[in-house]
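Engineer: Below is a structure I'd like to ask you about.
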Amino acid sequence: MSTLNTSGILHSSPYSAVSPSLCKKGTFMSISKSRTTNIPLPNLQTRVFGDELELGRDLIIKSLTGTLLKKQANTIRTGRDSADESADSLVLAKLYAILEAVADRVEMHKNIGEQRKNWNSLLLSSINTITLAAATMSGVAATTAVGSAPVAALKMSSTLMFLAATGMLLIMNKIQPSQLVEEQRSATRLFQQLHNEVQTVISIGHPTDKDVKEAVEKVLALDKAYPLPLLGVMLEKFPSKVEPAVWWPQQANDSSHKTGSKSNGWSSKLEKEMRSIVEVLRIKDEAEYLRLGGKALKFNKLLAISGPFLTGIAAIGSAFVGSSSHIGFLAAMLGVVGGALASIVNTFEHGGQIGMVFEMYRSNAGFFKLMEESIESNMMERRENGELFEMKVALQLGRSLSELRDLASASSSSNEVEDVNEFGSKLF
């Protein structure tokens, strides 16, 4: 190697120009030896080659390290993605399970509502038929000769039929089938609404555990507000105080809760408008339906007491038909007139579905109470966009946005909200 390198150097050195006569073998060898011994070419090559090896090794190590770090990052990212996908799949599975349960409840409430509607019509027609037949028998017995066998049979039959009608009326007035039907209608509508809400959450995408929790709470709140069984958990049909129906989960009041920091489409003008709407709904709409519900409840109580009372009086009167002249005449009047009045009262109460009217007023008051709470919570938390929420409120009240703003401005400009002639809703 040194010979080759030396020859290369000699060929490129000034000594290559010397004449051949001077380049004798000995002289050339001495020059070669003296020149080559002072040039450390092997050490130079070794050092350069070693530096190149170290540089290549560093590059290889860096490349391998970068590749390993990339693989590790991809593995971590893939693990996180798979964990997120499994979490999303679990949330979706829970929401679909809730959808199935809600759809089943919709069908149950619909079927039971039809059944209780049949109860109302069949019981009403049966009781009126029995009552009128008993009154007819009592009148026939009063015109038959006293002491004969047909009189005793007619008296006993009419008395038994009046007593049966009284017992059936007591049960019917206690459960109020028309009110039960309205409860099932409301439950069917609200469960169907919840079903649509869950479907919307799934369609929008990216549901969370919070959505699952809220859906479960709404299902349980609806189950409590509109129970299916009658015994033990049936709603009170004649409450001492009329209150709005509540079918949504109640949240504990947190006085430390502050208004959201993000505007999310809300402004001071919109908040002022929503506060005015809340006052109108509370003082005008909700109060009006509670007042009407109280009147319907009182009227229903009067009819529920009058029906069995009249059939009971008629039963007593029919038992004394055919007695002495004065007592027999009065007994016949009680039996015939009492039975006729009882049929009229029962038809007015259950045919007119006064219990259903009371439940409708109670549900309407609950609707406005729900709107009030929804508006107040959205003003505090701002979880929905302000413009979108304003449009929802307008649609729920059957108004356009301009009509809603006009109502808010009218209520805010008035000294008292009671002075506002217009109600908040145009639908009820």
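Engineer: Return the loop-located trypsin sites (Lys or Arg not before Pro) in the stretch 174-205 (DSSP other than H, G, I, E, B) with at most 12 other Cβ atoms within 10 Å of their own Cβ; answer none if there are none. Don't skip to the end; give the middle numbers.
Structural biologist: Details: sites: 174, 185, 189; in loops: none.
Taking the stretch 174-205 and a limit of 12 other Cβ atoms within 10 Å, no loop trypsin sites (Lys or Arg not before Pro) are found.
Engineer: Skip the ligands, DNA and RNA, and give the accessible area per residue of the stretch 96-200 with a 1.4 Å probe, whole Å². Let's see the in-between values first.
Structural biologist: Values: 5070 Å² over 105 residues.
Per-residue accessible area for the stretch 96-200 comes out at 48 Å².
Engineer: Quick one: ranking 271, 243 by accessible area, 1.4 Å probe, largest first, what do you get? All intermediate terms of the calculation are to be shown ahead of the outcome.
Structural biologist: Working: 271 25, 243 100 Å².
Accessible-area ranking of 271, 243, largest first: 243, 271.
Engineer: At 7 Å along Cα-to-Cβ for each site, give me the label-to-label distance between residue 275 and residue 392 in nm.
Structural biologist: Here the modelled spin labels are 2.2 nm apart.
Engineer: Cα convex hull of the stretch 103-151: mean projected area in nm², to one decimal? Could the numbers behind the result be given before it?
Structural biologist: On the way: hull surface 16.2 nm².
Quarter of the Cα hull surface area: 4.1 nm².
Engineer: Pick out, in residue order, every one of the trypsin sites (Lys or Arg not before Pro) in the stretch 258-315 that is DSSP loop and has at most 12 other C-beta atoms within 10 Å; say none if there are none.
Structural biologist: Answer by residue number: 258, 262.
Engineer: Continuing with this model, one more query. Amide H neighbours of residue 424 under 5 Å, counting only residues 5+ apart in sequence or on other chains, H built in-plane at 1.01 Å?
Structural biologist: Close amide H contacts, sequence-distant or interchain: 285.
Engineer: Also, I was wondering about something else. For the stretch 95-207, build the charge dipole from Cβ charges (+1 Lys, Arg; -1 Asp, Glu) around the Cα centre, then report which of 132, 206, 176 sits farthest towards its positive end.
Structural biologist: Most positive-ward Cα: 132.
Engineer: Further, regarding this structure: Give the calculated FRET efficiency between residue 192 and residue 156 to the nearest 0.05, with a Förster radius of 60 Å applied to their Cβ-Cβ distance.
Structural biologist: According to the calculation, E is roughly 0.70.
Engineer: What size of dipole, in debye to the nearest 20, comes out for the stretch 148-256 about its Cα centre when the only charges are +1 on Lys and Arg C-beta atoms and -1 on Asp and Glu C-beta atoms? Kindly include the intermediate steps, with their values, before the conclusion.
Structural biologist: Working: 10 positive and 11 negative charges, 126 e Å.
For the stretch 148-256, the charge dipole is close to 600 debye.
The values are calculated or read from the model by the stated rules, or taken from the named source; none is laboratory data. Please read all numbers here as calculations on a predicted model, not as lab measurements. For neighbour counting, all protein chains shown are included, and Cβ atoms are generated from backbone atoms with ideal geometry for every residue, glycine included. Side chains are part of the model used for accessible areas, which takes the heavy atoms of the whole protein and leaves out ligands, DNA and RNA. Shrake-Rupley method; radii C 1.70, N 1.55, O 1.52, S 1.80 Å.
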